[in-house]
Every structure is written in C-alpha cells, then in structure tokens.
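Data first, discussion second: the structure below is written as structure tokens.
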Amino acid sequence: MAVIVLGTVVMLDGTQSYDIESDPMTYCWVIIQQPAESSAALDDLTSSTTSFVADVCLYCRVAGRGSTGPRGRGGVVGFRVVLDLN
C-alpha cells in the first residue's frame, strides 16, 4: 500500500506480468473502490501501464490476478486498484 499526495500522477506498471507459454498478454485495469470525494480515473484500461492523478490524499493498493486462455491464445491479467482515505 502506498500513500499518495494530492496532485501526484500515479504510474501503475504491469509489464512484469507474463504468460507461462510466452504468448501475448491482455491487460485489464479497474478501480474497484475509491472514496466518494475522488473522481480519479485510469487513463488506459487495457495497456500494460496506466496512470491516474490523485485528486485527494489517499492510500493506493493494487492486486493482480492472471488467467491463461486456451493453449496458444495468451494470458489475461486483471489489476484491481483500491483507493482509500485511510
């Protein structure tokens, strides 16, 4: 968990994710929780990296979960972003 200061551009990086068969990856980022006071939005939901601007002081936690598609079809990694005031 990281403490984020108001106005900070927060960079999130999923480039270390990989498919065990070295097939191409598909990425999916989503903010699953954020304070009512925040309207922060991720700038790219399907890239290996994304960012947002902290519009309130908050804590940020990111959890990734991967899955593998049918053999030779690549993998999918989903990142859940939680923004909280405490």
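The values are calculated or read from the model by the stated rules, or taken from the named source; none is laboratory data. All figures in this text were calculated on a predicted structure; none of them were measured in a lab. Cβ sites come from the backbone with ideal geometry, for glycine too, and all protein chains shown count toward neighbours.
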Run residue 28 past the list (1) surrounded by fewer than 16 Cβ atoms within 10 Å (Cβ to Cβ); (2) within 16 Å of residue 84 (Cα to Cα) and report the number of the one that doesn't hold. (2)
Within region 7-29, work out how many residues are at pLDDT 85 or above and more than 13 Å from the chain's Cα centre (by Cα). 3
Could you please give the count of residues in region 43-58 that are closer than 20 Å to residue 78 by Cα and in a strand (DSSP E or B)? 4
Note down all Cβ pairs under 7 Å where the first residue falls in region 23-49 and is without any contact (Cβ under 8 Å) to a residue 40 or more places away in the chain, the second is small (Gly, Ala, Ser), and they're at least six residues apart or on different chains. 43/51; 48/14; 49/14
Say we look at region 46-63 and pick out the residues that are farther than 19 Å from residue 8 by Cα and surrounded by fewer than 14 Cβ atoms within 10 Å (Cβ to Cβ); which of these is modelled with the highest pLDDT? 46
Over region 6-23, the set of residues surrounded by 10 or more Cβ atoms within 10 Å (Cβ to Cβ) and among the β-branched types (Val, Ile, Thr) is 8, 9, 10, 15
